[in-house]
Every structure is written in C-alpha cells, then in structure tokens.
Amino acid sequence: MQKERCWGIAWPAIAALMLFGWAVMLGSVAAGRSESSAQSQSKSQNSSVEKTQTKVVLLGTGTPRPYPDKSGPATAIVVGERGYLVDFGPGVVRRATAAAEKGTPQLESTNLKIAFLTHLHSDHTAGYPDLILTPWVMGRSELDVYGPEGLEEMTKHVLEAWRRDIEIRTTGLEQRHALVVRAHDVKPGVVYQDERVKVTAFRVPHGQWPEAFGYRFDTPGKSIVISGDTSPSEEIVAHCQPCDVLIHEVYSPESVLSMPNYKTYRAKYHTSTSELAEIANRTKPGILVIYHTAGRGPHGPIPDDQLLREIEKTYHGKVVIGHDLEVY
C-alpha cells in the first residue's frame, strides 16, 4: 500500500514536469521562429534600404582651367543599383571608373546609361564623345541623354565625327553591336522618372546662353539640387525648399580673369560667395556642397578655407568645398 501511495503521489509531479518541459520546448521553437522571422524581416528591410540608398559622387569639380586634380564638371547621383550622371566634362569616364574602384560599382563605364546636361559650354561637354564611345567599346548597349536645346544637334555631330571609328568597330573584326544614343532636347519640368528617381529641370540664368538648366533629383532617400553654371537664381531658391543637398558653383570676388570687363562677366554668368551665402540662408539645405570653384587670385589659386570664410561670414549652416571623388 505504501508503494502504491508513493506512485500515486509521484505521477502528478511527473506529469507536471513533462507538461512544463513541453511548454519550454514549444516556447523555444516559437521564439526561434519569431527570431528567424524577425531576422528575415530585418534582412528584407536592409535589402530594401540598399535598393533605394542615395549618395552623391563628385566626379569632376573643375572649371575650364585644366587643373590636374580637378576634372571637368560631372556629378553622379547613385540610387540603389543605378547611377545618373549630370554633365560630362573632360575625364568623366575615367573619373567614374575611379569612383567604381573606390566602392561605387554602379559607376562602372558600362553602367553609365542615363545622363543630364546643364548647358552646352565646352567644359561641361568636352567629355561627351568619351561618354558615348568608351562605355560602348566596353560593352554598354545604350545611352539616354537629356538637356537643353542643342543637345540633339551636338549628338548628331559627335556621331558623325566618329563615323569611321563606329563603322570599323561594328562591321570589322570587333563585331560590336550597334551604337545606340538617344538625345532628348527637353523643356523645364519633369524630364525623367523611373521607380528610383524623379528628375526636374529648371531654367537658370547663365549669361548669354538662351537655355541653361539646374536639376532637382527626388529619390526615396534624398532631395538633391544641382545648380549647373548660374548667376543668382530664384529658381534655385524655389527648387531647394526644402532640399537635403544643394550642389552649387561659386567664385570669390577676389578672383581675376584674363579678359576685359571680367567683373561684368562674372556677375552675369556666375554666383559670388556672398550671393551664395544669401541663397543658402533662404533655402537652408541639409548640406551645401561647393563645386566649380572659380577662385584664382592675382597670386595663384584662392585657398578653400578662404572661400569658406567668405561664405560663412553670413551663412552658418553645413558647407563644404567639394573635391573630385568625394561622396555625400
């Protein structure tokens, strides 16, 4: 009887222990599934962020003056796996390749498929044959370029100038596929849109040029405004309210040029440091990035810190002098 009584007391305890064990195991499985689901969701979110992450790569920050450390004006907006080019000054393809090697593979030459032009000045377009031909020779299939009136005509003449090269490469032993370049003369407004970006062109005043554009890029991560070459512009102000990044040209009032009436020229074609400070105070961008800096004084190049001091006299937001291959 004693033994039976003992078993009678033990079975409920054993059953309770077994139930507790099952509960722990099921809880562990559920927790594991929950953790796995959370990890999967986190990976999916990270993948989604990577697909839409936006960065600005300065490929060329120079002017017509051929400084060896400053290629001609060219800026890349990289959104996820795709790169968009603004302007194509001298050295553009090699600078893009350098950026690819430094960690932005979206700018490999064969990925340069969509470009926008601010205006037809030579320092912004001298790299156009390079942009058309070099990536094609490397295997790119097509190129679309958007810009002011005259771009289509320029494209036609570039293709004609290199007609013999194109013929030999397509009909000769290289057997390259047809060279496809679609140039689009556009008007102000939304000129391009895909699942990653909306690009809006707006007119800016640039001396005697009948059409010069700035551009606004809206992506899932950032709003970016690029001035192109311009004197102070209300359009810049209107399109950067608000904007995360304002990329703007500038000159120092102390800079000089070897031309008659260069001060009149400067005022009609470009924006001084004090004028840019006023624009920045009105727009308050997340960051002001200076490029295309015309700052050569009577005794040589005007230092970056002087340009910054001139701007920061009246503007106290975040401002940097951009250099080739910097990323923002």
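Scanning segment 259-279 for residues that are surrounded by 15 or more Cβ atoms within 10 Å (Cβ to Cβ) and touching a Gly at 6+ places or on another chain (Cβ under 6 Å) returns a single hit, Tyr269.
Of the numbered criteria (1) out of contact with any Phe, Trp or Tyr (no Cβ under 9 Å at 6 or more places or on another chain); (2) surrounded by fewer than 21 Cβ atoms within 10 Å (Cβ to Cβ), the one Leu246 fails is (2). Among residues of segment 207-226 that are in contact (Cβ under 8 Å) with a residue 40 or more places away in the chain, those with a Cβ under 7 angstrom from a residue that is open to solvent by 40 Å² or more (accessible area, probe 1.4 Å) and in a loop (DSSP other than H, G, I, E, B), sequence gap 6+ or separate chain, pair up as Glu211/Glu149; Thr219/Arg196; Gly221/Gln53; Lys222/Asp244; Ile224/Asp244. Quick check on segment 179-197. Is at least one of its residues touching a residue at least 60 places away in the same chain (Cβ under 8 Å) and in contact with a Gly (Cβ under 7 Å, 6 or more places away or on another chain)? Yes, segment 179-197 has at least one match. Answer yes if at least one residue in segment 215-226 is of a type in the set (Asp, Glu), modelled with pLDDT under 95 and more than 21 Å from Asp324 (Cβ to Cβ), and no otherwise. Looking for residues that are of a type in the set (Asp, Glu), modelled with pLDDT under 95 and more than 21 Å from Asp324 (Cβ to Cβ), one finds none in segment 215-226, hence no.
Picking from residues in segment 55-110 that are of a type in the set (S, T, N, Q) and part of a helix (DSSP H, G or I), the one that is nearest to Leu325 (Cα to Cα) is Thr97.
Flag: Glu167 does not match the condition of being under 24 Å from Lys55 (Cα atoms) and either among the hydrophobic types (A, V, I, L, M, F, W, C) or out of contact with any Phe, Trp or Tyr (no Cβ under 8 Å at 6 or more places or on another chain) (or both).
Against the conditions (1) closer than 22 Å to Thr118 by Cβ; (2) outside any helix (DSSP H, G or I); (3) open to solvent by 30 Å² or more (accessible area, probe 1.4 Å), Thr293 satisfies every one except (3).
Taken together, the criteria place Thr118 among residues that are buried (at least 24 other Cβ atoms within 10 Å of the Cβ), touching a residue at least 24 places away in the same chain (Cβ under 8 Å), under 26 Å from Arg65 (Cβ atoms) and of a type in the set (S, T, N, Q).
Among residues of segment 158-216 being over 19 Å from Tyr146 (Cα atoms) and polar (S, T, N, Q), the one that is surrounded by the fewest Cβ atoms within 10 Å (Cβ to Cβ) is Gln208. Report whether or not Val327 is open to solvent by less than 50 Å² (accessible area, probe 1.4 Å) and either touching a residue at least 12 places away in the same chain (Cβ under 8 Å) or out of contact with any Lys or Arg (no Cβ under 8 Å at 6 or more places or on another chain) (or both). Criteria not met by Val327.
The values are calculated or read from the model by the stated rules, or taken from the named source; none is laboratory data. Values in this document were obtained by computation on a predicted structure and should not be read as measured data. We place every Cβ from the backbone using ideal geometry, glycine too, and count neighbours over all the protein chains shown. Keep in mind that these areas ignore ligands, DNA and RNA; they rest on the heavy atoms of the full protein, side chains included. Shrake-Rupley method; radii C 1.70, N 1.55, O 1.52, S 1.80 Å.
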